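Taken together, the values in this text are just the output of simple stated rules run on the coordinates, not laboratory data. What you are looking at is a predicted structure, and each value in this text was computed from that prediction instead of being measured. Heads up, the Cβs are rebuilt from the backbone with ideal geometry, glycines too, and the neighbour counts pull from every protein chain shown.
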Amino acid sequence: MSQTVLIFGANGQVGRELQRVAWPASLTPVSLARPEGDVTRPEAIAAAVAQHNPVALVNAAAYTAVDKAETEAEAAFAINRDGAANLARAAAAAAVPLIHISTDYVFDGSKPGAYAPSDPVAPLGVYGQSKEAGERAIRAAAEKHVILRTAWVFGPYGHNFVKTMLRLAAARPELRVVADQRGCPTPATAIADAIAQITAALLNGSTAYGTYHFAGRAPVSWHGFAEAIFAEGQRYGWPVPKVHAITTEDFPTPARRPANSVLDCSALTAAFGIMPADWRLGLIDMLAECRDEIGANFAALSEEKR
């Protein structure tokens, strides 16, 4: 008999992929969006848990507008801190594990090497602060939890760097992209698959609860990532703009970004056997899936210019 894994945040990049990933036959994912899955409302969470009787909860719900968070701190903390706390309390009450997605933005980026899960946190902006507060709330409320920090997420759904670069390339022959921030692009599909594997392991008796990192293999700068995107797009005949490398100072934003977002994923591999994702293969798969959509956008913009 199949058991239910209850997923909150159905409409996000990872939330959408959690509905498509290959779960074990014994587990059935049930995804909730607002209002049924509103993590800021404890009564909504309680009703969902009572209805579905899940064996695990997954929190893919998040406020992710990094720059807007600087002026919308209340909204960011309501979802990223209070929502996480609400789910942790619900998971503890139901005696089921909670798998929660967090971020590289809990670090300030000053470390020379890759960040381990045990490294001190020091978020630079409201978004990172709200996510770090959510982590602390989970640890305080639910013993059975896995916090999975990831970075530079991209995929077919929602807003992400890959889609932004391709949209800009359709309109501009030259782009300026930051080259002094480094990180690990991570396919949303790979994050979803990792969560499915972690959930199955916990339900099969693993007690490897705690905080882990999962990200793409081979760090790169935003500039390098942009060049990889356009190089892959060439196979479809898409425009390839000239990409100029600039510094963070050349491109000021409301929220400060960590200069180093590289995550050490070895603890996750040791605990669950999950290897870092190959982000280049993930990029190839994403562009193949979105080929018609992106091609249509290029064609439409080209027609507008005539």
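Classify region 106-177: rounded, prolate or oblate, from the alpha-carbon gyration tensor (a ≥ b ≥ c, eigenvalue square roots; a/c under 1.5 rounded; otherwise prolate if a/b is larger than b/c)? Don't jump to the answer; show the numbers that get you there.
On the way: a/c = 2.88, a/b = 1.97, b/c = 1.46.
It is prolate, given that a/c is not under 1.5 and a/b is the larger ratio.
What number of lysine-lysine pairs in the chain show an alpha-carbon separation below 28 angstrom, given a sequence spacing of 8 or more or placement on distinct chains?
9
Two-decimal Rg/Rh of the chain from alpha-carbon positions, Kirkwood Rh?
Numbers: Rg = 19.4 Å, Rh = 19.9 Å.
Rg/Rh: 0.97.
Each residue of region 184-196 in order: what ³J(HN,Hα) in whole Hz does its phi give by Karplus 6.51 cos²θ - 1.76 cosθ + 1.60, θ = phi - 60°, with x for Gly and Pro?
The phi angles translate into 10, x, 9, x, 4, 4, 5, 5, 4, 5, 4, 5, 4 Hz.
With contacts defined as alpha carbon pairs under 8 Å and 6 or more residues apart, what's the relative contact order of the chain in percent? Before the final figure, lay out each step's value.
On the way: 616 pairs, mean separation 62.1, N = 306.
Normalised by residue count, the contact order of the chain is 20 percent.
Using only Cα atoms, tell me the angle between helix 84-94 and the longest principal axis of the chain; keep it within 0 to 90° and round to the nearest 10.
That helix lies at roughly 30 degrees to the long axis.
State the Cα centre-to-centre distance between region 112-131 and region 31-57 in whole Å.
Going from one Cα centre to the other spans 29 Å.
Would you kindly derive the ³J(HN,Hα) couplings of region 147-156 from the backbone phi angles with the Karplus curve 6.51 cos²θ - 1.76 cosθ + 1.60 (θ = phi - 60°), listing them in order in whole Hz, with x for Gly and Pro?
Once θ is set to phi - 60°, the couplings for region 147-156 become 9, 10, 7, 9, 7, 6, 6, 9, x, x Hz.
If each residue's Cβ is checked for other Cβ atoms within 10 Å, how do His145, His52 rank with the fewest at the top?
Values: His145 24, His52 16.
Sorted ascending by nearby Cβ count, the order is His52, His145.
Whole angstrom only: what separates the Cα centroid of region 257-284 from the Cα centroid of region 142-189?
So the two Cα centres are separated by 14 Å.
5 Å is the cut-off here: which amide hydrogens, built 1.01 Å from N in the peptide plane, fall below it relative to Val153, excluding neighbours closer than 5 in sequence?
Thr186
Counting only residues 5 or more places away or on other chains, whose amide H sits under 5 Å from the amide H of Gln3 once H atoms are built in the peptide plane?
Leu27, Thr28
Taking H as built 1.01 Å from N, whose amide H comes closer than 5 Å to the amide H of Asp108, not counting residues under 5 places away?
The list, which skips near neighbours in sequence, is Ala122.
When the helices in the chain are scored as -39500 (n - 2.57) per DSSP H run of 4 or longer and the sum is shared across all residues, what 222 nm value do you end up with, to the nearest 500 deg cm²/dmol? Please report the intermediate quantities before stating the final value.
Working: 11 runs with 119 residues, N = 306.
Rounded to the nearest 500, it is -11500 deg cm²/dmol.
What FRET efficiency do you get for Gln51 and Ala78 if R0 is 30 Å and r is their Cβ-Cβ distance, rounded to the nearest 0.05? Each step should come with its number before you reach the end.
Details: r = 24 Å, r/R0 = 0.79.
For R0 = 30 Å, the calculated efficiency reads 0.80.
Just want to confirm a number: the relative contact order over region 1-44, from Cα pairs under 8 angstrom separated by 6+ residues, in percent. Don't jump to the answer; show the numbers that get you there.
Working: 55 pairs, mean separation 19.9, N = 44.
Value for region 1-44: 45 percent.
Per residue of region 234-247, what does 6.51 cos²θ - 1.76 cosθ + 1.60 with θ = phi - 60° give for ³J(HN,Hα)? Whole Hz please, x for Gly and Pro, Karplus curve as stated.
4, 5, 9, x, 7, x, 10, x, 7, 10, 8, 7, 10, 9
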